[in-house]
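**Student:** This is the structure I want to talk about, given as structure tokens.
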Amino acid sequence: MSEELLRLNHLSIDYKVKDGYLSAVNDISCVINKGEVFAVVGESGCGKSTVAHSIMNLLPGGNEVITGEIVFKGKNLRECSQKEMEAIRGKEIGMIFQNPLDSLNPVYTVGSQTAEAILLDKVDKTEAWNRVLKLFKDVKMPDAEERTKSFPHELSGGMRQRVMIAMMLSRNPELLIADEPTTALDVTIEAQILEILKQLKQQFNTAIMLITHNFGLVAEIADKIGIMYAGEMVESGDVFEIFENPVHPYTKLLMQALPSGTKKEGRLQTIEGTVPRITEKKPGCRFANRCPYSKEICFNETPEATNISDSHFCRCHMIGKEDF
């Protein structure tokens, strides 16, 4: 039986804005087990990165209101002090951010920045440097020894992303949060980064929370998938079950929007409208105004999470109603 590593219990995050509170994440619950890849998928602005930053306690501004639990290895991270979180970050939970250039210090070489994390574990400098070289080779960095002496601006986007992965792996975290790790990379580099993540899972039994809007990545690497819309997880389950039997209208529309291998099917399916900005929590389904199947109940009552199977749940009023 799989061992639970991370559990989100009814997590909600609201940001204080001038016209009230912006609901960025609403009542999310999910479990990530050891050695498992859990993909979080959805459009831009649906709260994927907010969930990731909340796990690391890195939400910006300090104007957020958080309710619910973030339980990692049996400990509620929301009750941890700043010092306790500093000990957990990097050592137990690592994070690869969307833009590696923003995350790397421009005045230090990438090798010295990677070694800095290793030195926190009271390792001598020679051993730390040898470990940096090994890490750079593990992430398939071209001319690894030479690249350790490079500054971030001297590296390509794919190389910088490799540096970020090496940094996050330097202390062998049990959970790696990858926030759109292949954004702005060409398909060849994307495939190489994906292969590195798959090897991590196999070699170190690292659990990965993969945040993406790329269903191709999900099909290639994920064990479970959670579909997010407007701050809510509307459907979640085993990746094969979701791909073979998507239930929520939003999931179905996302699947139909995937490009096919031929031109015969004509123009790609699109989802009319945009993700709403929720400043007032009220009953109803957040996807109702864009859903082709919506009825009066969808605007007036919030759908409950319904189990389709032991590993698959969905929030939609359509479930189990033949007359819908």
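The values are calculated or read from the model by the stated rules, or taken from the named source; none is laboratory data. Remember, it's a predicted structure, so these values are computed and weren't measured experimentally. Here the Cβ is made from the backbone with ideal geometry for all residues, glycine too, and neighbour counts use every protein chain on show. Protein only, heavy atoms only, side chains kept; ligands, DNA and RNA dropped before computing areas. Shrake-Rupley method; radii C 1.70, N 1.55, O 1.52, S 1.80 Å.
**Student:** Farthest toward the dipole's positive end in region 1-155, which of Leu5, Val110, Met95, given Cβ charges of +1 (Lys, Arg) and -1 (Asp, Glu) about the Cα centre?
**Tutor:** The one lying farthest along the dipole's positive direction is Val110.
**Student:** Please report, for the Cα atoms of region 1-81, the Rg to one decimal and the Dmax as a whole number; what are they, in angstrom?
**Tutor:** Rg then Dmax for region 1-81, in Å: 13.3, 48.
**Student:** While we're here: Which of Ile28, Phe299, Gln82 sits closest to the plus end of the dipole of the chain, meaning its Cα is farthest towards the positive end, when Lys and Arg get +1 and Asp and Glu get -1 on the C-beta?
**Tutor:** It is Gln82, whose Cα lies furthest towards the positive end.
**Student:** Keeping every protein chain in place, order Arg131, Arg78, Arg286 by accessible area at 1.4 Å, biggest value first, i.e. largest first. All intermediate terms of the calculation are to be shown ahead of the outcome.
**Tutor:** Numbers: Arg131 80, Arg78 105, Arg286 30 Å².
From most exposed to least exposed: Arg78, Arg131, Arg286.
**Student:** Quick one: accessible area per residue over region 27-179, 1.4 Å probe, rounded to a whole number of Å²? Please report the intermediate quantities before stating the final value.
**Tutor:** On the way: 6910 Å² over 153 residues.
Counting only protein heavy atoms, the per-residue value for region 27-179 is 45 Å².
**Student:** Quick one: pull the percent of accessible area on the chain belonging to carbon and sulfur, 1.4 Å probe, ligands and nucleic acids left out. Intermediate values should be presented prior to the final figure.
**Tutor:** Details: 8160 of 16460 Å².
Answer for the chain is 50 percent, counting heavy atoms of protein chains only.
**Student:** Still on this structure: Given Cβ point charges of +1 (Lys, Arg) and -1 (Asp, Glu) and nothing else, what value in debye, to the nearest 20, does the dipole of region 83-207 about its Cα centre take? Numbers along the way, then the final one.
**Tutor:** Working: 16 positive and 19 negative charges, 58 e Å.
So the magnitude is around 280 debye.
**Student:** Which residue, Leu200, Gln256, Asn245, has the largest displacement toward the positive end of the dipole of the chain when charges sit on each Cβ (Lys, Arg +1; Asp, Glu -1)?
**Tutor:** Working it through, the farthest residue towards the positive pole turns out to be Leu200.
**Student:** Sort the following peptides by mean Cβ neighbour count (other Cβ atoms within 10 Å, averaged over residues), highest first: 30-40, 83-93. If you can, show how the numbers build up before the last one.
**Tutor:** Working: 30-40: 20.9, 83-93: 15.4.
Put in order of decreasing packing, that is 30-40, 83-93.
**Student:** Okay, helix-only estimate at 222 nm for the chain: each DSSP H run of n ≥ 4 adds -39500 (n - 2.57), divide by all residues, round to 500 deg cm²/dmol; what do you get?
**Tutor:** Working: 12 runs with 104 residues, N = 324.
Dividing the helical sum by the residues of the chain leaves -9000 deg cm²/dmol.
**Student:** OK, next. Accessible area, 1.4 Å probe, largest first: how do Met318, Met141 sort? Display every interim value, and only then the final one.
**Tutor:** Working: Met318 50, Met141 10 Å².
Largest to smallest exposure gives the sequence Met318, Met141.
**Student:** Starting from the Cα gyration tensor of region 86-167, take the square roots of the eigenvalues, sort them a ≥ b ≥ c, and report rounded, prolate or oblate (rounded when a/c is under 1.5, otherwise prolate if a/b is larger than b/c, else oblate). Can you show the working numbers first?
**Tutor:** Details: a/c = 1.62, a/b = 1.16, b/c = 1.39.
Since a/c reaches 1.5 but b/c is at least a/b, the shape of region 86-167 is classed as oblate.
**Student:** Just check region 72-229 against the gyration tensor rule for me: Cα atoms, a ≥ b ≥ c as the square roots of the eigenvalues, rounded for a/c under 1.5, and otherwise prolate or oblate depending on whether a/b exceeds b/c.
**Tutor:** Details: a/c = 1.68, a/b = 1.09, b/c = 1.53.
Because a/c hits 1.5 or more and a/b fails to exceed b/c, region 72-229 counts as oblate.
**Student:** Give me the dipole magnitude in Debye, nearest 20, for region 7-103 about the Cα centre, with unit charges on the beta carbon: positive for Lys and Arg, negative for Asp and Glu. Don't skip to the end; give the middle numbers.
**Tutor:** Working: 11 positive and 12 negative charges, 57 e Å.
My answer is approximately 280 debye.
**Student:** Using packing as a proxy for protection, rank 189-197, 206-214 so that the peptide with the highest average count of other Cβ atoms within 10 Å comes first. Before the final figure, lay out the partial values.
**Tutor:** On the way: 189-197: 17.7, 206-214: 22.3.
By packing density, highest mean first, the sequence is 206-214, 189-197.
**Student:** Okay, next question. With a/c under 1.5 counting as rounded, go ahead and sort the chain into rounded, prolate or oblate using the C-alpha gyration tensor (a ≥ b ≥ c being the square roots of the eigenvalues; past the cut-off, prolate if a/b is larger than b/c, else oblate). Working shown, then result.
**Tutor:** Working: a/c = 1.99, a/b = 1.59, b/c = 1.25.
In terms of gyration-tensor shape, prolate.
**Student:** Then there is this: Which of Tyr293, Tyr250, Tyr15 ends up with the largest GNM mean-square fluctuation for the chain, with Cα atoms connected below 10 Å?
**Tutor:** Of the options given, Tyr293 has the highest mean-square fluctuation.
**Student:** Next question, about the same structure. Where both residues lie in the chain, what percent of DSSP beta bridges are antiparallel, nearest 5?
**Tutor:** Details: 33 of 52 bridges.
Percent antiparallel among DSSP bridges in the chain is about 65.
**Student:** Please build a GNM for the chain, connecting alpha carbons under 10 Å apart, and tell me which residue among Asn99, Asn63, Asn307 fluctuates the most.
**Tutor:** Result: Asn63 has the largest fluctuation of those listed.
**Student:** Using amide H atoms built in the peptide plane, which far-off residues or other-chain residues are under 5 Å from Val25 H to H?
**Tutor:** The list, which skips near neighbours in sequence, is Ile13.
**Student:** Once you charge only the Cβ atoms, +1 for Lys and Arg and -1 for Asp and Glu, what is the size of the charge dipole of the chain about its Cα centre, to the nearest 20 debye?
**Tutor:** Numbers: 37 positive and 45 negative charges, 108 e Å.
The dipole magnitude comes to about 520 debye.
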